[in-house]
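These notes are about the structure you will find just below.
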Amino acid sequence: MKAKTIFALLFSGALAVSAGCTGGDTKPDEKQTEEKVQKGDQADQKVDERGIPELAPLQMADKDAEIKKLGEVNGTTAYKVGDVTVLHKETPANSVVAARVYISGGATHLTEKTSGIERLALNTAVSGGTESHPKDEFNALLDSMGSSVAAFSDRDFSGYTMKSVVDNFDKTWELMLESMLEPKLPQEELELQRQRHLADIRSLNENPDRLVGHVATKLLFEGHPYHTLQLGTEENVEAFTQKQTAAYQRAMLRPEKMTVVVVGNVSDEKILSQVQKLAKIQPQASLPDQQLTPYNVEKAKLKVEEKDIPTNYIFGLFPAPSPGDEDYEAMLVAVEYLRDRLFEEVRTKRNLTYAVSSGLSDRRVNYGYLYVTAVDPAKTMPVIFSEVQKLKDGELTDEQLEQSRNVFITEHYMGLETNGSQASLLARSELIAGDWKEHADAIERFQAVSPEDVQRVAEKYMKNYQFGIVGKKSQIDEGLFLNGTPTQAEPTAEKE
């Protein structure tokens, strides 16, 4: 399984929960940052005690926005409709249409006082019906077409998504737009979504995999906008009012922040016509918009969350190049190859774990990771560090690199079998890598990576690990984790 897929399965919940469970008092420098953001971007509008702007009326331009074609690459065409970016890939081979409206910002819009509201607002907007169609009627219409409308929230962006067959694209798109432009946001639905949200936060301690992600990301994201993540705190989520939720959802609707991605057998003309409603929005309110900066990681750190469990869950993060960076493909090769080596050396040969991996995330400010569950960390970690050191020492051969490439390319194409996965790739290119054309030559860039490139990026990035551990403190050698190098002889592989 591809490393990033493993990461998603193991840690998507953990990292989401870690978003808002930071709690505690705001540090002085964080207060200054928060005040600067609010005074800078929101100086001309009234905000409440949490920095949320007043609910502004939805105003629309009278005329259609100008349409400009940006280019076409590998079957994907890009446009600007006013300030809205549109990416369309036509797929005549199937009858499913996947469409998403991404709103860039994510964690950069949030503060300690508003963490959690974006997810709560979006989930309520798509679940509570609209001014034109109450909840039951809205859901009945979707069910009658076999369509779906949902919301998503993440560190770098949030938004709305729909899926339908081609014949029902127009009707489903209209329902999704209603949930954006005229959501009902009834109090009873807000309370339902609030309770689900709170249950998710409170379940953090029940799953060591989720908890270890929370512990590690708190270390890496300290002092960074990603520190204030989407799930929020119990205190915040319990307190948000219907008025605040509606105001925040409305303030998110800014055309210059929107990227529409459509993959399916529909014409460019139809899509561009449908996007005009979004392009006509004339924003009356704004949200904080913090700048993403590199992580402030100067040395290795370790945080152990004590739990009386038989296995220690270990998750180490390190700053890494983002998609679009010249080192990204080499770093991806490094962690993909390392993943296979760790499985062979730690699990297969020595039987020290049932789960071990390495991988690379996809963020505007990115990170890689090492992960293992270990009954005996003193035996397990030296093996992991030794395999990392082999990468740094240049022990990867051309033949091993070619094998890793072949596996990656196969998994890459298998991962693009659905229209939804293709939409995600296009959005990643535009919003994370910064260029919608970036996906077109990804395989060529991957194939150009040399063993020397892998050695260079391993040496450059794989250090100063931010280790989160859930387990028994008595079994953790702090020096071993903070040094990041083998501190004892490797245990020999068990004889068969």
Check on GLU336, more than 17 Å from LYS392 (Cα to Cα) and of a type in the set (Asp, Glu): no
Scan of segment 82-94 for residues that are closer than 9 Å to ALA65 by Cβ and more than 26 Å from the chain's Cα centre (by Cα), ordered by number: GLY82
Pairs with Cβ under 8 Å, 6+ apart, first in segment 78-103 and within 19 Å of MET180 (Cα to Cα) and outside the structural domain of GLN249 (by TED's automatic domain parsing), second among the aliphatic types (A, V, I, L, M) and surrounded by fewer than 24 Cβ atoms within 10 Å (Cβ to Cβ): none
Evaluation of SER179 against (1) modelled with pLDDT under 95; (2) out of contact with any Lys or Arg (no Cβ under 9 Å at 6 or more places or on another chain); (3) buried (at least 22 other Cβ atoms within 10 Å of the Cβ); (4) not β-branched (Val, Ile, Thr) (one fails), failing number: (1)
Per-region count, segment 246-294, residues in a loop (DSSP other than H, G, I, E, B) and under 25 Å from GLY129 (Cβ atoms): 8
Qualifying residue in segment 157-172 (condition: under 26 Å from the mean Cα position of the chain (by Cα), in a helix (DSSP H, G or I), acidic (Asp, Glu) and modelled with pLDDT of 95 or more): no
Test for LEU391: is it modelled with pLDDT of 95 or more and touching a strand residue (DSSP E or B) at 6+ places or on another chain (Cβ under 6 Å): no
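Whether any residue in segment 128-143 is free of Cβ contacts under 8 Å to residues at least 24 places away in the same chain and of a type outside the set (D, E, K, R) is what I want to check. First the steps, then the outcome.
Filtering segment 128-143 down to residues free of Cβ contacts under 8 Å to residues at least 24 places away in the same chain leaves 136-137, 139-140, 143.
Still in the list and also of a type outside the set (D, E, K, R): 139-140.
Yes, segment 128-143 has at least one match.
Which residues, counting only those in segment 184-225, are not in a helix (DSSP H, G or I) and not acidic (Asp, Glu)?
Across segment 184-225, the qualifying residues are LYS184, LEU185, PRO186, ASN207, PHE221, GLY223, HIS224.
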Residue in segment 300-319 that is surrounded by fewer than 22 Cβ atoms within 10 Å (Cβ to Cβ), without any contact (Cβ under 8 Å) to a residue 60 or more places away in the chain and either out of contact with any Phe, Trp or Tyr (no Cβ under 6 Å at 6 or more places or on another chain) or not assigned by TED's automatic domain parsing to the domain that holds SER404 (or both) present: no
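Counting only residues that are of a type in the set (Gly, Ala, Ser) and surrounded by 17 or more Cβ atoms within 10 Å (Cβ to Cβ), which one in segment 345-369 is farthest from VAL388 (Cα to Cα)?
Step by step, filter segment 345-369, then rank; the result is SER361.
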Residue in segment 381-400 that is hydroxyl-bearing (Ser, Thr, Tyr) and buried (at least 23 other Cβ atoms within 10 Å of the Cβ) present: no
Qualifying positions in segment 226-245 - in contact with a helix residue (DSSP H, G or I) (Cβ under 7 Å, 6 or more places away or on another chain), under 30 Å from ASN464 (Cβ atoms) and either free of Cβ contacts under 8 Å to residues at least 12 places away in the same chain or outside any loop (DSSP other than H, G, I, E, B) (or both): TYR226
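The values are calculated or read from the model by the stated rules, or taken from the named source; none is laboratory data. Keep in mind that what you see is a predicted model, and the values were worked out from it rather than measured. Note that each Cβ is placed from the backbone with ideal geometry, even for glycine, and that neighbours are counted across all protein chains shown.
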